[in-house]
1. Rank these for me by crowding, Leu123, Leu347, Leu48, going from fewest to most other beta carbons within 10 Å.
2. Considering only the chain, what is the antiparallel percent among its DSSP beta bridges, to the nearest 5?
3. What is the pair-distance distribution P(r) of the stretch 291-360, computed from all Cα-Cα distances in 5 Å bins starting at 0, with each bin given as a whole percent?
4. Hull surface divided by four, with the convex hull built on the Cα atoms of the stretch 211-288: how many nm²?
5. Just to confirm the number: angle between the C-alpha axis of helix 123-140 and the first principal axis of the chain, 0 to 90 degrees, nearest 10?
6. Please report, in whole Å, how far the alpha carbons of the stretch 189-236 spread along each principal axis, starting with the longest.
7. By counting other Cβ atoms within 10 Å of each Cβ, how are Lys261, Lys51 ranked from fewest to most?
8. Using the Karplus curve 6.51 cos²θ - 1.76 cosθ + 1.60 with θ = phi - 60°, what ³J(HN,Hα) values do you get for each residue of the stretch 339-351, in whole Hz, with x for Gly and Pro?
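Nothing in this text is a laboratory measurement; each read-out follows from the coordinates by a stated rule. Because the structure is predicted, anything quoted here is derived from the model rather than measured. Please note: Cβ atoms are built from the backbone with ideal geometry, for glycine as well, and neighbour counts cover all protein chains shown.
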Amino acid sequence: MLTAWETSLQRVSRERIDQPLILHGLRGMGKTVLLAEFRRRALKRNWLVAKAEASIGSKLRDLLGESLYEPLLEISRPSAGKRALQALKTALSFKASYDMTGAWSFGVDLSDSTGGGADTGDLNTDIRLVIRDVSAAAGEDNVGLAVLIDEAQDLSTEDLTTLCAVAHEAVQSGWPVLIALAGLPSLPQILAEAKSYAERFRYMQITSLDEAAAIDALQDPAAEEGVDWEPYALAAAVEGAGRYPFFLQQIGHETWEAAPKSPITVADVEVGIARGSAALDNGFFRVRWDRATPGERNYLRAMKLAGNATIASSEVASSLGKKAAQVSTVRDRLISKGLIYAPEHGLLAYTVPGMAAFIDRQTLE
């Protein structure tokens, strides 16, 4: 993924534009960390970067506008070129399109500048104008604009449709802009339903690490501190974490805290797994379980019959003594909350690895 991103950054510098990059996978796989690294690498090349995290009910206007303010401040200098001034004026109009009471000040005179017009009220027009002008300003300095949005599946259909349309136009028109979205496994399907040409975007599934990478994730940071792992201890930690990045991080941290000396032993790992699992139960899993209503928890329990694999929605309904139509509202709420998703028509799965085992550990609530 990082190689693909670096390649895209280089291509834009040569006026060759790439399709948006879509990261999708279960929770805890490291998508947010990857987006943060995308941001870091773009900034290292002096790009303008707008990074935002969507949530249920959030609006693309607000997210994009507020995430653009900081990078726009960087180009608001007295020596700013014509395109930079135009971008600032367009950004001010865009701000007015969603926040009439707020005000931005860039400290430069824009009275004689072209630009503006991103306050028509038409989402497609306004987003298109602000991304076009800000990316053009970046291009004036031989760099580009990176737009990074996490939890993109929580954006509304209208927002995603607009984002797809603008991304498509950016590629067709050669704007120096790269867009990267991250979200749950349902994101590719949501984008394809929003716009058919979203199928041309570059999709990368983020999964659990292979064994070698999982071992390196634990072993390399320890080696930097002069600490070794016993081979069996490494194997036990990797197995206990299921090779899931966030679980490796949690169990690795607790094992490190438990180990009195080098090398780290199997006994240290056993303590780390126990403490790490408890921390995951009380945080990573619990925060999602608590978002579900009693009726939704019953539905999640019924899904547990398949473990962490997929299960037919009709089978879930049957185990609840209902017809699929009778519990479809509950299913849809759980999908909306990001607790489950539909990998295929009629099938369901948890968005969180290990959720079935967590549910097994819960008393009836």
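1. Starting with the residue having the fewest Cβ neighbours, the order is Leu347, Leu123, Leu48.
2. Looking only at bridges with both residues in the chain, the antiparallel portion is about 15 percent.
3. 3, 20, 33, 30, 13, 1
4. Spelled out: convex hull of the Cα atoms, projected over all directions, averaged, 4.6 nm².
5. So the helix axis and the longest Cα principal axis differ by about 80 degrees.
6. 52, 21, 13
7. On the way: Lys261 8, Lys51 20.
So the residues, fewest neighbours to most, are Lys261, Lys51.
8. 8, 9, 8, 10, x, 8, 4, x, 10, 9, 7, 6, 7
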